[in-house]
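Let me begin by presenting the structure, written as structure tokens, before commenting on it.
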Protein chains: 2
Amino acid sequence: MLESVIRRNAENTERIMKNAVGYVVSNNAIGTIAISSFDTTVSVGIVKLICGVLVAAARSAVRDLDSTNDLCFLRVGTRKFEYMVAPETEFSIVVIQ
Amino acid sequence: MLESVIRRNAENTERIMKNAVGYVVSNNAIGTIAISSFDTTVSVGIVKLICGVLVAAARSAVRDLDSTNDLCFLRVGTRKFEYMVAPETEFSIVVIQ
């Protein structure tokens, strides 16, 4: 299912990537990388640390502050670039620009 | 020092607050709330969970992915509002909009 969505949006992805450094889409259900513009080592690092650890910490902080609220997205500005994270139920998207 | 910066920027703060829900500035050196538009319980929660736990997790993820990189800011989009976090050395600013 996720694979067909990725194929259907290939043109959009290409358009967005003109102004971005790279992207990773992880499959949350089976914990794999669905598609990525980076090599495996970098992709696994991003999925583990950003989609895993950081999204979990953000979601938990948001819910602890207000139990009726929930995380929608996360933007992490760094000296070199910005990580933009969309943590969906079935998949997580990270775009780096 | 921080107090005089806050006083000097009171007019700016007031202008920004027209379009925001609220703000908290924490003094990182002594771990106190320098100024806040929220009551103490809410302010302490935001400082502890957002400026403390979440910023530490984000900084650590960014450095783990690239040891020459560093965190500059954090935007946490939630269903209800957005937390915008500027983690400086001496103080951290959280604006909620």
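What follows is calculated from the coordinates using simple rules that are stated; it is not laboratory data. Keep in mind it's a predicted model, so treat the numbers as computed, not measured. Cβ: placed from backbone, ideal geometry, glycine included. Neighbour counts: every protein chain shown.
Output the qualifying pairs, or none if there are none: Cβ atoms under 9 angstrom, residues six or more apart or on different chains, first residue in the range A:35-54 and at positive phi, second residue assigned to a helix (DSSP H, G or I).
Pairs found: none.
Kindly provide the set of residues from the range A:56-73 that are among the small types (G, A, S) and either under 22 Å from A:G31 (Cβ atoms) or buried (at least 20 other Cβ atoms within 10 Å of the Cβ) (or both), ordered by number. Working first, answer last.
Of all residues in the range A:56-73, those among the small types (G, A, S) come to A:56-58, A:60-61, A:67.
Passing the criteria: A:A56, A:A57, A:A58, A:S60, A:A61.
Which is under 18 Å from B:V62 (Cα atoms), within 11 Å of another protein chain (Cβ to nearest Cβ) and buried (at least 17 other Cβ atoms within 10 Å of the Cβ), of A:V42, A:V53, A:V24, A:V76?
A:V76
Does at least one position in the range B:24-39 carry a residue that is under 20 Å from A:C72 (Cα atoms) and outside any strand (DSSP E or B)? Talk me through it step by step, then tell me what you get.
Initial filter on the range B:24-39 (under 20 Å from A:C72 (Cα atoms)): none.
Scanning the range B:24-39, I find no residue that is under 20 Å from A:C72 (Cα atoms) and outside any strand (DSSP E or B), so the answer is no.
For the range B:86-94, check the following and say yes or no: at least one residue is under 16 Å from A:Y83 (Cβ atoms) and part of a strand (DSSP E or B).
Yes, there is a match, as at least one residue in the range B:86-94 is under 16 Å from A:Y83 (Cβ atoms) and part of a strand (DSSP E or B).
Out of the residues in the range B:56-73 meeting the condition of being in a strand (DSSP E or B) and over 23 Å from B:K18 (Cα atoms), tell me which one is nearest to the other protein chains (Cβ to nearest Cβ). Break it down into steps so the answer makes sense when it comes.
The initial filter retains those residues of the range B:56-73 that are in a strand (DSSP E or B), namely B:71-73.
Among the residues that remain, those that are also over 23 Å from B:K18 (Cα atoms) are: B:71-72.
Working: B:L71: 6, B:C72: 4 Å.
That would be B:C72.
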